[in-house]
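Participant: The following block contains the structure, expressed as structure tokens.
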Amino acid sequence: MHIERRDFLSTLTMASAATLFSGNPLLASLAPKKEKLGIALVGLGYYSTDLLAPALQLTEKCYLAGIVTGTPEKAQTWKAKYKIPEKNIYNYQNFDKIADNPDIDIVYVVLPPSMHREFVVRAAKAGKHVFCEKPMAPSVADCEAMISACKTNKVKLAIGYRCQHDPNIQAYMKVAKEKKFGKVMMVNSAAGYLDNRTTHWKQNKKLGGGVMGDMGVYALQGARLATGEEPVSVTALASTTRPQIYNQVEETMMFMLDFPSGARAACQTSFGINMNHLQINYEKGWLKMEPHSGYSGNKGSMSDGTIINYPIQNQQAKQMDEDCLAIISGSELIAPGEEGLRDIRVVEAIYKSVETGKNVKI
């Protein structure tokens with residue numbers, strides 16, 4: 001086959017540019033914009049397998065481009081099921097080579113919380129945008145390091161707060177913003193389910209377990225989003241009814257939040273109790289949500305007769321599409337890294353209150 005010299009040089013130049021852009025975050029912004037972004041899932045547990053991967057078959061602005069797993073058997077199963085090219089399959093050791101892969105635009109970290117900081121930072125250094133599952137990280141210091149790494153490498157960081165993309169949750173956020181019923185007086189927010197597992201990361205302190213960072217974030221977000229404010233102090237009480245399972249971390253957490261406006265929130269979260277509701281009492285009315293933070297079917301009502309019921313096809317697909325659209329258009333993310341940091345700042349204060357038995361300023 002005869003190849004003209006100028007054609008060869010043109011091909012070589014384009015190939016070099018692709019490698020340069022994908023591996024260098026400072027130059028990535030110069031690469032041609034895509035209409036659909038490739039996502040690599042890091043960690044192939046339940047959430048990736050049963051929820052994110054199926055959701056990626058419904059998305060319009062992104063697709064499943066690659067995977068990162070420490071289990072070769074899973075890699076082969078996913079490769080066959082989703083037609084993933086071998087070159088887009090990584091393990092935790094060679095993960096950094098993802099920098100040279102132009103197919104992958106976003107790394108979605110779906111690992112135990114104790115591993116979030118490491119892989120968010122590594123993804124950012126590879127020049128990839130990052131989606132990170134909640135809880136963002138076990139500590140404020142971890143969250144700040146993750147945000148800093150993404151800013152330094154000029155990539156976006158979105159936290160997987162699927163609920164903030166749900167129009168049912170957005171409906172009561174709008175009420176708070178517009179003060180439809182006046183000031184918020186009291187919020188009751190609860191999120192929990194019965195978890196009988198014994199070896200999951202949620203029961204393991206070193207992996208970032210405990211109910212507060214997991215289901216507790218939903219209860220906390222309910223209060224924060226309902227008031228439209230950040231809490232200024234908290235009093236908390238942790239308990240465990242099944243010490244044979246929850247001997248390293250708390251099974252149940254109850255906490256009271258105080259807000260600048262004078263509003264208060266009573267929040268409950270548990271791995272031992274099924275509950276999922278939100279009630280907001282205003283000066284001139286009320287709003288109720290049940291379920292409040294489910295994968296689907298969230299709905300509610302207001303004291304003036306307004307019904308909150310906006311069915312959506314798939315919450316995770318909507319979340320990923322909207323986050324990808326923000327990246328493509330250069331607009332603001334709905335739940336950036338700073339939003340995850342706000343929650344973990346409160347979570348740290350909650351644990352401090354449990355430890356000291358006192359009200360803690362945030």
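The values are calculated or read from the model by the stated rules, or taken from the named source; none is laboratory data. As the structure is a computational prediction, the values presented were derived from the model and not from experiment. Cβ coordinates were reconstructed from backbone atoms using ideal geometry, including for glycine residues, and neighbour counts include every protein chain displayed. These accessible areas exclude ligands, DNA and RNA; they are computed on the full protein's heavy atoms, side chains included. Shrake-Rupley method; radii C 1.70, N 1.55, O 1.52, S 1.80 Å.
Participant: Name the residue, out of ASN298, ASN94, ASN274, whose mean-square fluctuation peaks in a Gaussian network model built on the chain with Cα pairs under 10 Å.
Facilitator: The residue that fluctuates most here is ASN94.
Participant: Turning to a different aspect of this structure: At 7 Å along the Cα-to-beta-carbon direction for both ALA266 and THR152, put a label point, then send me their distance in nm to one decimal.
Facilitator: 4.6 nm
Participant: OK, next. Note the listed values (1) 143; (2) 205; (3) 153, then indicate which one is volume of the Cα convex hull per residue in Å³ calculated from this particular structure.
Facilitator: So the structure-derived entry is (1).
Participant: Tell me the label-point distance for the pair TYR47, GLU60, using the 7 Å Cα-to-Cβ offset, in nm and rounded to one decimal.
Facilitator: 2.6 nm
Participant: For the stretch 120-217, rounded, prolate or oblate, judged on the Cα gyration tensor with a ≥ b ≥ c (square roots of eigenvalues), a/c < 1.5 rounded, else prolate if a/b > b/c?
Facilitator: oblate
Participant: Okay, next question. Which value at 222 nm does the chain reach when only helices count, each DSSP H run of 4 or more adding -39,500 (n - 2.57), with the total divided by all residues and rounded to the nearest 500 deg cm²/dmol?
Facilitator: -10000 deg cm²/dmol
Participant: Once you place label points 7 Å from the Cα toward the Cβ at GLN248 and GLU35, how far apart are they in nm?
Facilitator: 4.8 nm
Participant: Over the chain, what is the relative contact order in whole percent, taking alpha-carbon pairs under 8 Å and six or more residues apart?
Facilitator: Relative contact order comes out at 18 percent.
Participant: Accessible area, 1.4 Å probe, largest first: how do MET146, MET215, MET186 sort?
Facilitator: Largest accessible area first, the residues go MET186, MET215, MET146.
Participant: Would you work out what percent of the accessible area of the chain, with all protein chains in place, is carbon or sulfur (probe 1.4 Å)?
Facilitator: Answer for the chain: carbon and sulfur cover 55 percent of the accessible area.
Participant: Something else now. Between LYS358 and ARG197, what FRET efficiency follows from the Cβ-Cβ distance if R0 is 35 Å, with the result rounded to 0.05?
Facilitator: Approximately 0.60, to the nearest 0.05.
Participant: In nm, what is the difference between 0.36 nm times the number of residues separating LEU237 and THR77 and their Cα-Cα distance?
Facilitator: Length gained between LEU237 and THR77: 53.2 nm.
Participant: Take each of the peptides 97-108, 62-73, average the number of other beta-carbon atoms within 10 Å over its residues, and list them starting from the highest.
Facilitator: Packing proxy ranking, top to bottom: 97-108, 62-73.
Participant: Moving on to the next point. Could you give each residue of the stretch 274-280 its phi-based ³J(HN,Hα) in whole Hz, using Karplus coefficients 6.51, -1.76, 1.60 with θ = phi - 60°, and x for Gly or Pro?
Facilitator: 7, 7, 7, 8, 9, 10, 10
Participant: When a/c reaches 1.5 or more, the comparison of a/b and b/c decides; with that in mind, is the stretch 220-296 rounded, prolate or oblate per its Cα gyration tensor?
Facilitator: oblate
Participant: Where the centroid of each part is defined by its Cα atoms, how far is the stretch 151-181 from the stretch 78-96 in Å?
Facilitator: Taking the Cα centre of each part, the stretch 151-181 and the stretch 78-96 sit 32 Å apart.
Participant: Quote to one decimal, in nm, the extra length available between GLN313 and TYR295 on full extension: 0.36 nm per residue of separation minus the C-alpha distance between them.
Facilitator: Taking GLN313 through TYR295 to full extension adds about 5.4 nm, to one decimal.
Participant: Among 207-213, 300-306, how do they line up by average Cβ neighbours within 10 Å per residue, starting with the highest?
Facilitator: Averaged packing, sorted descending, gives the order 207-213, 300-306.
Participant: Please give the length that would be gained between LYS183 and LYS206 if that part of the chain were fully extended, namely 0.36 nm times their separation in residues minus their C-alpha to C-alpha distance (nm, one decimal).
Facilitator: 4.2 nm
Participant: In terms of the Cα gyration tensor, with a ≥ b ≥ c the square roots of its eigenvalues, is the stretch 38-152 rounded because a/c is under 1.5, prolate because a/b exceeds b/c, or oblate?
Facilitator: Cα axes put the stretch 38-152 in the prolate bin.
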